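The values are calculated or read from the model by the stated rules, or taken from the named source; none is laboratory data. Since this is a predicted model, take the numbers as computed values, not measurements. Counting neighbours? That spans all protein chains shown, and the Cβs are built from the backbone with ideal geometry, glycine included. For the accessible areas, the whole protein counts, side chains as well, though only heavy atoms, and no ligand, DNA or RNA atoms are used. Shrake-Rupley method; radii C 1.70, N 1.55, O 1.52, S 1.80 Å.
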Amino acid sequence: MNAAVRAAVERLVPHRGGMLWLERIVECDDTRAVAEAVVRDDHPLADGDAVPGWAGIEYMAQCIAAWAGGRALARGEPVKPGFLLGTRRYSCLRPRLAFGLRLRIEVHCELMGDNGLGLFACRLLDGEEEIAVANVSVFEPPDADAYLGNAKQ
């Protein structure tokens, strides 16, 4: 990945190294974000010639993180970690995501409460084909360090 493109993604998403799966942020506004990713053979969940289809939930979560990062920067605040709480309806048409697959990840904020709880409608696409959908619940605490055990003493 081009260093300038990686830096642009890292500006919005707190993930680093092998845990940063997004390649490019295509769009980010008040209600939605769109990102692209390529499933790579050095993926941390690589198994044979693919990654498990359930890994799509993390691609969605990272796109949500980009959305949250964009909003934080727009408010003049630093990007901070959030938490994937889960999903009730993750449906993936492919049991495996093959190496080289270029994913388009789309997330739309359905609800974001003042308490940091949010709900997003998410999709993974291969070209124009929708290959996975989910409603993803997230939590963005006011002080993530307190939840990570890094509270200042």
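Name the one entry in LEU73, LEU85 that is open to solvent by 40 Å² or more (accessible area, probe 1.4 Å) and in a helix (DSSP H, G or I).
So the residue among LEU73, LEU85 that is open to solvent by 40 Å² or more (accessible area, probe 1.4 Å) and in a helix (DSSP H, G or I) is LEU73.
Answer yes or no: is there a residue in segment 134-148 that is under 22 Å from CYS28 (Cα atoms), open to solvent by 80 Å² or more (accessible area, probe 1.4 Å), free of Cβ contacts under 8 Å to residues at least 60 places away in the same chain and not polar (S, T, N, Q).
Yes - at least one qualifying residue is present in segment 134-148.
Restricting to segment 40-82, name every residue that is closer than 15 Å to VAL138 by Cβ, out of contact with any helix residue (DSSP H, G or I) (no Cβ under 7 Å at 6 or more places or on another chain) and in contact (Cβ under 8 Å) with a residue 40 or more places away in the chain.
Selection gives ILE57, TYR59, MET60, ALA61, GLN62, CYS63, ILE64, ALA65, TRP67, ALA68, ARG71.
Does segment 107-116 hold any residues that are open to solvent by 30 Å² or more (accessible area, probe 1.4 Å) and under 16 Å from ASP30 (Cα atoms), and which are they?
Passing the criteria: HIS108, GLU110, LEU111, MET112, ASP114.
Go through segment 30-57 and give me each residue that's in contact with a Lys or Arg (Cβ under 9 Å, 6 or more places away or on another chain), assigned to a loop (DSSP other than H, G, I, E, B) and open to solvent by 20 Å² or more (accessible area, probe 1.4 Å).
Hits for segment 30-57 are ASP30, ALA46, GLY48, ASP49.
So, in segment 1-17, exactly how many residues are surrounded by 13 or more Cβ atoms within 10 Å (Cβ to Cβ), assigned to a loop (DSSP other than H, G, I, E, B) and either polar (S, T, N, Q) or at pLDDT 80 or above (or both)?
Qualifying residue count for the region: 2.
Quick grid of which residues meet (1) among the β-branched types (Val, Ile, Thr); (2) in contact with a Cys (Cβ under 7 Å, 6 or more places away or on another chain); (3) under 19 Å from GLU23 (Cα atoms):
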{"position": "PRO78", "(1), (2), (3)": "no, no, no"}
{"position": "ILE105", "(1), (2), (3)": "yes, yes, yes"}
{"position": "GLU110", "(1), (2), (3)": "no, no, no"}
{"position": "LEU125", "(1), (2), (3)": "no, no, yes"}
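Hey, ALA132 hits all of (1) out of contact with any helix residue (DSSP H, G or I) (no Cβ under 8 Å at 6 or more places or on another chain); (2) at pLDDT 95 or above but one; which does it fall short on?
Tallying (1) out of contact with any helix residue (DSSP H, G or I) (no Cβ under 8 Å at 6 or more places or on another chain); (2) at pLDDT 95 or above, ALA132 fails exactly one: (1).
Name the single residue, out of those in segment 31-78 being within 18 Å of ALA8 (Cα to Cα) and among the acidic types (Asp, Glu), that is farthest from the chain's Cα centre (by Cα).
Residue satisfying both the conditions and the ranking: GLU77.
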